[in-house]
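First up is the structure itself, then whatever we jot down about it.
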Amino acid sequence: MSKTKGNNRSFADDNLKGVVVQELQQLFQASIEATADGILVVDKDGRIILSNNRFAEMWRIPQEMIRDKDDIKIREYVMGQVTDPRAYMDKIHELYDTSDESTDVITFKDGRVFERYSAPLVISEQIIGRVWSFRDMTAYREAQARLERSEEKYRELVENANSIILRWDINGVITFINEYGQRLLGYSQADLVGQPVIGTIVPDKDSSGRDLVAMIEGITDRPNEFIYNENENITKDGQSIWVSWSNKPIYNEMGQLVGILSIGNEITERKKLEQQLFQAQKMEAVGQLAGGIAHDFNNMLMVINGYCELLLDELEEGNTLRRDIEQIKATSSRAAALTRQLLAFGRRQVVQPKVVDLNKLLYSSHEMITRLVGEAVRLNIRGQEGPLNIYADPVQVEQVILNLAANARDAMPEGGILTIETRRTDIEKPDSGELYMVPTGSYVFCSVLDTGVGMSSETLEHIFEPFFTTKDPGKGTGLGLSTVYGIVKQNDGYIFAHSEPGKGSCFTMYFPLVTEEELILSEEPHKLEEKLKGSERILLVESEAKVRRYTKTVLQKYGYTVNAAASGSDALGLWKTLDVDLLISITELPEMRGVDLVEKIREMQPNIKVLMISANMGHEPTEELNVITKPFTSEALLRKIRKILDT
């Protein structure tokens, strides 16, 4: 009986142990089923002891293979999925011979990526197999790849942007600058990161004295008030450049300002153009003032000069008063030349081309050029003997010579030699070179040569462009040589420049030569009076009383019948009662423009001949309107009238 009881107790113990083991197995299975990783437990021979469903799902192994625990088929099935089966198996064999843990990555042919972890299975301090854990990293790797691509794209945008991208903290310390900013400013990333903005790329004050320290502090203290700003920046080699900045505050997750992101574009050239435009506008204002003064001065000179002519006509050759009157007339003529220069400066002169001897013009300007270039520059004028006649506006040609002389003076700050040469030259069509653009023919050649500092080939490419200048700020508008070029072209000429650094500069010009056949010779003095007389009826419209009285006196002396009016309305009233051959009117009248008066009169008499007297408005002659510019001599006025009436 006691033996039976003992057997029953042993059987019960065995049953209890079996239940416990079974429950432990179920607990362990439930535990590995609860994980997101695929779990595989194998013995030392590689036979499957245990696996969870996630392992089968991840490796896409059919359930029947799992149930059958067909190790060979499962291994072949797995090997067929990975990209490198040999490396996969080599790693398994390597780990079976060690007690090491291992982590590596498995890649699949279809793009999946698993992280594989392996550790020895130890029971009673004996390795009986290995535990393998597989984690699907496909989505993570794809997200990581997308992030890397996004970061690379961002990096490319930042580094390849044609703008400065600068990040700095609230203390004004630089934390990042892109490659473009490094190239433009001449610094490396290591030079700038960790350095304050002020003192490296931003000076304490700009060239105008503006406090840039306060500006930087304002950006960090009140970023919304400094979204945009323009300021001077300093490169590593000390050059000053202008940059237009767009600033954006950077906040952390707590909403605290942690820095500023600034994107900048260089605007140095734009700033230079703005300064040049300001200078040009200032010069334009001065020119308008000069033109206005010249206009009033012209009226006075016309009266002085005109009455001198009338007095000289009345006095005998031996009269002692003639010398005094001639001196007054000569002084008046010099003053008239001054007003022409004022009008030229203000660009208000009427372009009046005529036959002019370039040699005579140069020699008559000798004193003016000498004063312009100063004592440190020796002036040589070399003119070919005989007249060198061109058809051009003498005031404009003189302006060209003076501009080139001033340029030469500036190129010789320590002094030097300025040589102006003229000669006749015949051009045959060349195959190449600068003269290829000049038509075949006879020309008057004029060169202006200096021994100054010279120019580089890069500068030569731009010297005739408006606003281009190599002078310091405030010392030139960049309009001098562009004006020269425009005048030469306007007068059917050609201009070229030659220069090398340290070898001076030479400007050469070609103007069409006026031949003897084309030249209209001056009248003999004793024949002049008869040629200029007339008997036609003239309506004179002039608002200035003294000028009106003088002009009327001259015209009546030479036989013309003259009626005078002071305004447009007076002129229209007279017109209705008169039979008129020629209308002479100033361009600007108190009530209307001279051209408007002409239009009203031509409505009544379409074929009326007209001569406009220009003061300072720059009216150009046309087929319908003839123009004469104040101040003019009585001879010039009478010649103009006869030319109009005889046409």
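The values are calculated or read from the model by the stated rules, or taken from the named source; none is laboratory data. Just so we're clear, the structure is a prediction, and the values are computed from it rather than from any experiment. FYI the Cβ positions are ideal-geometry reconstructions off the backbone, even for glycines, and counts take in every protein chain you see. Heads up: the accessible areas ignore ligands, DNA and RNA and are worked out on the full protein's heavy atoms, side chains in. Shrake-Rupley method; radii C 1.70, N 1.55, O 1.52, S 1.80 Å.
Distant-in-sequence amide contacts of Lys609, defined by a placed amide H-H separation under 5 Å and a gap of 5 or more residues or a different chain, comprise Leu583.
With a Förster radius of 22 Å applied to the beta-carbon distance between Ala545 and Leu321, the computed FRET efficiency rounds to 0.25. The distance between label points at Thr577 and Ala190 comes to 9.8 nm (points 7 Å beyond Cα on the Cα→Cβ vector).
Provide the FRET efficiency to the nearest 0.05 for the Ser246-Gln144 pair, computing r from the beta carbons and using R0 = 45 Å. Step by step, r from the Cβ atoms, then E = 0.85. You can think of it this way: the chain between Lys44 and Asp169 has 39.0 nm of extra reach, that is 0.36 nm per residue less the Cα-Cα gap.
Just the number, please: carbon plus sulfur as a percent of the accessible area of segment 91-137, 1.4 Å probe, no ligands or DNA/RNA counted. Here it works out to 48 percent. Of the peptides 552-558, 506-512, the ranking by mean beta-carbon count within 10 Å, highest at the top, reads 506-512, 552-558.
For segment 139-272, the gyration tensor built on C-alpha atoms gives a prolate shape. Its axis ratio a/c (a ≥ b ≥ c) is at least 1.5, and a/b is the larger of a/b and b/c.
Taking a 29 Å limit on the Cα-Cα distance, which of the listed pairs Lys272/Lys360; Lys360/Lys609; Lys44/Lys73; Lys272/Lys630; Lys329/Lys354; Lys205/Lys503 fall beyond it? Among Lys272/Lys360; Lys360/Lys609; Lys44/Lys73; Lys272/Lys630; Lys329/Lys354; Lys205/Lys503, the Cα-Cα distance tops 29 Å for Lys272/Lys360; Lys360/Lys609; Lys272/Lys630; Lys205/Lys503. For Glu591, the residues whose modelled amide H falls within less than 5 Å of its own, excluding neighbours fewer than 5 places apart on the same chain, are Gly568.
As a calculated quantity, the FRET efficiency between Glu230 and Ser456 at R0 = 30 Å, using C-beta atoms, amounts to about 0.50. Peptides 309-318, 169-178, 31-40, ordered by how many other C-beta atoms sit within 10 Å of their residues on average, highest first, read 169-178, 31-40, 309-318.
Per residue, segment 352-447 exposes 52 Å² of accessible surface when a 1.4 Å probe is rolled over the protein heavy atoms with every protein chain present. Its alpha carbons give segment 529-647 an Rg and a Dmax of 13.0, 38 Å.
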